[in-house]
Amino acid sequence: MKLRLRLALTVVAMAVPVAGGLSWMQLESRRRALDESAASMAASYLQNGGLEACELNAAEWTGPDRRRGPRGLGNERGGGRRPPHRPPEEELDFRPPPPPPGEPNELAGEPDGEHPERRPRRGPPFRPGGDGPPPRAPEFFAYDADYQSANAAAPMVTAGLRQGASGEWQPYESDRGTGRQALFTTGRAQGPCAYVLVRQTDPPFASRDRWGRPGLWNWLLPIVIVLAALLIALGPIIRRIRRLSRAVRASAKGRYQTPVRVEGHDEIAELATAFNVASEEIQVHLAEQEKREQALRAFLENTTHDVMIPLTVLMGHLSSARDQLAKSNSLDPAVIASAVEQAHYLGSLVQNLNVAAKLDAGEPFTQKAPVDLVALVERCVSRHKPLAKQRGVDLESAVPELPVWVSGDVTFIEQAVGNVLNNSIRYNKSGGHVAVVLQTNAAEGFQLQVFDDGPGIPDDEIPRLFERGFRGSAAGEANPAGEGIGLHIVHDVAKRHGWKVSASRSAQGGLQVEFTGSQL
Amino acid sequence: MNEPILFVEDDAELGAQIESHLRQAGFDATWTRTAEDFLDRFSGEYRLAILDLTLPGAGGLDVLKHIRTFSDIPVLILSARNDSFDKVRALKLGADDYLTKPFWPEELVERVKARLRRPVMQRQGADMVVGHLRINLDERSVHVDGASVELTRVEFELLAALAKRPGASVTRRVLAEAALDPEREGSERTLDVHMSRLRQKLGEPNSIATVWGIGYRLETGKDT
């Protein structure tokens, strides 16, 4: 449902009951005022001669004289001004009968007196119906102390009336119509006028309308005006919302790169701002996702490219071995050794590419969990023992007795340490030594050293050691098909864990790589 | 040796290789191909279990969870994914070790041996017994095959430090801290002197090996 329609329905749904309620209240209060003034008028009349008139002729007494007024009162539509020509209606005049000529008519409401022969002015005569159509004139009936009336046409005094207070208005229904009546106690307990019943009959159409429909129509115009004003005011707002929707759709098409224009300072502007903030976040996520996709693509490409050469070399070695065996029924251990190394290198390379891709792809792939460095070193050494044995390199290690806990990603750390070990072993010669030492210090820190008595690294190359793709002069000889990725990972992993990694010349003249960091 | 080992591996070639290498290393290896098979065969007689995580169906982790409800047997996990989440989860579920493929058979054998290693050093009362050595820390006495050996304070401390971790390399720094008073005996340079004297006193069967770049190790003659 569109806004305008919803607003219109809401206004109507709220306004109609409210208007109905207000007009009912208005009607009620008018009735009350009416009742009060009618009661006081009746009382005043009774006190000023009405009772005497009653006692004079109780059987025929029906209240004050009726006068025909020159003008009608109101019309069936109610409200508004009185048009000049009206069918003459009865206009009830509660004023006492005009005094004999010559005496001023005080109750006529004309302070300066007026010629008594003159017809009563249009002034505010008593009109119990208020602005509505004029009611019939009230009727008076007299009853004695036993609620019997001398007037044959007098209605019965109901129980409700007897139990009510003097002058309390109650609704009544008769075959002539409905209306309101009140029973007054006159104080003259003897005689035919102990009680006086005043009856006010409703005009025919008024009895059908308990809700004061004339009153409701009063409210219609303001409701319509308010509704129109709201709908008009809504116009610009709806236009702005539509503009914003268009801008959002356009931005979405362009992958949320263009922000929407923020106009004004109200809630719609807030919405526009919120959308811009959200689209910035989306941009960030999209960028991260791009990065991850790139990393994966790079991994695929690298794997394919970098694995193929060593694999081919391995196949070459195995092929040579097969040929040798076929020709001379013996095997040159060197060929097998080369095959073994190539296979080891392949496995290590694939793991490195895997880890590098995860590092490139960012946070989600990094775990932060407790890692026991003692167990990790033992695993690493165990993994490289076959390679060391193959090359005739003595691999030793020393770890503390108790576990050494750090926070980090066990795979990355193990790969980094393994890469260092791998290099130390590969660039060493037969009879050489490599040692791995893990120690803790008093300041809750740890030190992990890998050192060897191999050829070492020229001093000028040491600072560049951890650059991606950098391969020192020594590397070129040992393995032409390698990639500088191993030590780059070492550097990256150390950085991510907040560790320091340094390379230097070992005491034995070879290379020493040292990790330092804090324990958990 | 000859410890019974039960393992599950669904790949035919790899399973055959593992079985062969374990047997060659002297273990009594039993190869099952499915999780159900493994659980059927499992009993208290086995000393170690190897589970491959790439098992279809129930999966290695489910098997692990299940056997951990009634057994403390050492469990070694094999996996093709070099993934930290997997490793941490496996260890949390009760695995003792984790081996990523590709691996050399020697690596597998060494890890199995490490898990099956019996404590080489035994404590009997106040005594430490390692191979031919019996060391009493209270009395500060050392016996080699029953015969008492007279050691200086420093020599005793050095021997005790090594004997606490038989087969493991101990750094010079740790040895120096354990045995040498920095003010009196001096630094690590005098360590070698003390060690050579200790070696002489103990004689051949209890060799103390020099570990390159690190320090010393008490050899036990057993597989380490």
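The values are calculated or read from the model by the stated rules, or taken from the named source; none is laboratory data. For clarity, every value in this text was computed on a predicted model and none was experimentally measured. When we count neighbours, we look across all protein chains shown, and the Cβ atoms used for this are built from the backbone with ideal geometry, even at glycine. Note: accessible area is taken over every heavy atom of the protein model, side chains too, but ligands, DNA and RNA are not part of it. Shrake-Rupley method; radii C 1.70, N 1.55, O 1.52, S 1.80 Å.
Filtering A:Ser338, A:Ser320 for residues that are more than 24 Å from B:Ser79 (Cα to Cα), buried (at least 16 other Cβ atoms within 10 Å of the Cβ) and touching a His at 6+ places or on another chain (Cβ under 7 Å) leaves a single hit, A:Ser338. When the residues of segment B:23-38 are filtered to those that are closer than 21 Å to B:Asp72 by Cβ and either buried (at least 16 other Cβ atoms within 10 Å of the Cβ) or of a type in the set (Val, Ile, Thr) (or both), the one that is modelled with the lowest pLDDT is B:Ala35. Please determine whether any residue of segment A:256-263 is open to solvent by less than 100 Å² (accessible area, probe 1.4 Å), touching a residue at least 12 places away in the same chain (Cβ under 8 Å), among the hydroxyl-bearing types (Ser, Thr, Tyr) and not in a helix (DSSP H, G or I). Scanning segment A:256-263, I find at least one residue that is open to solvent by less than 100 Å² (accessible area, probe 1.4 Å), touching a residue at least 12 places away in the same chain (Cβ under 8 Å), among the hydroxyl-bearing types (Ser, Thr, Tyr) and not in a helix (DSSP H, G or I), so the answer is yes. Residues of segment A:323-335 being of a type in the set (Asp, Glu) and surrounded by fewer than 12 Cβ atoms within 10 Å (Cβ to Cβ), which ones? Residue satisfying the conditions is A:Asp323 alone.
Every residue, every condition in (1) β-branched (Val, Ile, Thr); (2) at the interface with chain B (Cβ under 8 Å from one of its Cβ atoms); (3) more than 60 Å from the chain's Cα centre (by Cα), yes or no:
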position	(1), (2), (3)
A:Glu378	no, yes, no
A:Ser382	no, yes, no
A:Gly392	no, no, yes
A:Ala398	no, yes, yes
A:Ile413	yes, no, no
A:Leu421	no, no, no
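State yes or no: is A:Glu396 of a type outside the set (Phe, Trp, Tyr), crowded, with 17+ Cβ neighbours inside 10 Å and not in a helix (DSSP H, G or I)? Can you show your working first?
Values: of a type outside the set (Phe, Trp, Tyr): yes; crowded, with 17+ Cβ neighbours inside 10 Å: yes; not in a helix (DSSP H, G or I): yes.
When the stated conditions are applied, A:Glu396 passes them.
Would you tally the residues in segment B:131-144 being closer than 16 Å to B:Glu219 by Cβ and either open to solvent by 60 Å² or more (accessible area, probe 1.4 Å) or not hydrophobic (A, V, I, L, M, F, W, C) (or both)? Steps first, answer last, please.
Filtering segment B:131-144 down to residues closer than 16 Å to B:Glu219 by Cβ leaves B:131-133, B:135, B:144.
Now restrict to residues that are either open to solvent by 60 Å² or more (accessible area, probe 1.4 Å) or not hydrophobic (A, V, I, L, M, F, W, C) (or both): B:131-132.
Within segment B:131-144, residues that are closer than 16 Å to B:Glu219 by Cβ and either open to solvent by 60 Å² or more (accessible area, probe 1.4 Å) or not hydrophobic (A, V, I, L, M, F, W, C) (or both) number 2.
Counting the residues of segment A:502-520 that are of a type outside the set (Ser, Thr, Tyr), in contact with an Asp or Glu (Cβ under 6 Å, 6 or more places away or on another chain) and away from chain B (no Cβ under 13 Å) gives 1. For segment B:39-66, the set of residues classified as open to solvent by 60 Å² or more (accessible area, probe 1.4 Å) and either in contact with a His (Cβ under 6 Å, 6 or more places away or on another chain) or not in a helix (DSSP H, G or I) (or both) consists of B:Gly44, B:Glu45, B:Arg47, B:Thr54, B:Pro56, B:Gly57, listed by residue number.
May I ask you to verify whether A:Ser430 is more than 9 Å from chain B (Cβ to nearest Cβ) and open to solvent by 20 Å² or more (accessible area, probe 1.4 Å)? Even if it seems obvious, please write down each step before you answer.
Details: more than 9 Å from chain B (Cβ to nearest Cβ): yes; open to solvent by 20 Å² or more (accessible area, probe 1.4 Å): yes.
Criteria met by A:Ser430.
For A:Phe451, are the conditions met, namely being part of a helix (DSSP H, G or I), within 13 Å of chain B (Cβ to nearest Cβ), in contact (Cβ under 8 Å) with a residue 40 or more places away in the chain and buried (at least 22 other Cβ atoms within 10 Å of the Cβ)? Criteria not met by A:Phe451. Is it the case that some residue within segment A:341-350 is without any contact (Cβ under 8 Å) to a residue 24 or more places away in the chain, surrounded by fewer than 22 Cβ atoms within 10 Å (Cβ to Cβ), at the interface with another protein chain (Cβ under 9 Å from one of its Cβ atoms) and more than 30 Å from B:Tyr216 (Cα to Cα)? For segment A:341-350, residues without any contact (Cβ under 8 Å) to a residue 24 or more places away in the chain, surrounded by fewer than 22 Cβ atoms within 10 Å (Cβ to Cβ), at the interface with another protein chain (Cβ under 9 Å from one of its Cβ atoms) and more than 30 Å from B:Tyr216 (Cα to Cα): present. Just one of the numbered conditions (1) away from every other protein chain (no Cβ under 14 Å); (2) at pLDDT 90 or above; (3) open to solvent by less than 70 Å² (accessible area, probe 1.4 Å) is not true of B:Gly186: (2).
If you go through segment B:91-128, how many residues are in a helix (DSSP H, G or I), within 11 Å of chain A (Cβ to nearest Cβ) and surrounded by 15 or more Cβ atoms within 10 Å (Cβ to Cβ)? Walk me through how you get there before you give the answer.
Step one: list which residues in segment B:91-128 are in a helix (DSSP H, G or I), which gives B:91-92, B:105-116.
Those still in the list that are within 11 Å of chain A (Cβ to nearest Cβ) too: B:91-92, B:105-114.
Now drop any that are not surrounded by 15 or more Cβ atoms within 10 Å (Cβ to Cβ), which leaves B:91, B:105-114.
Total meeting the criteria: 11.
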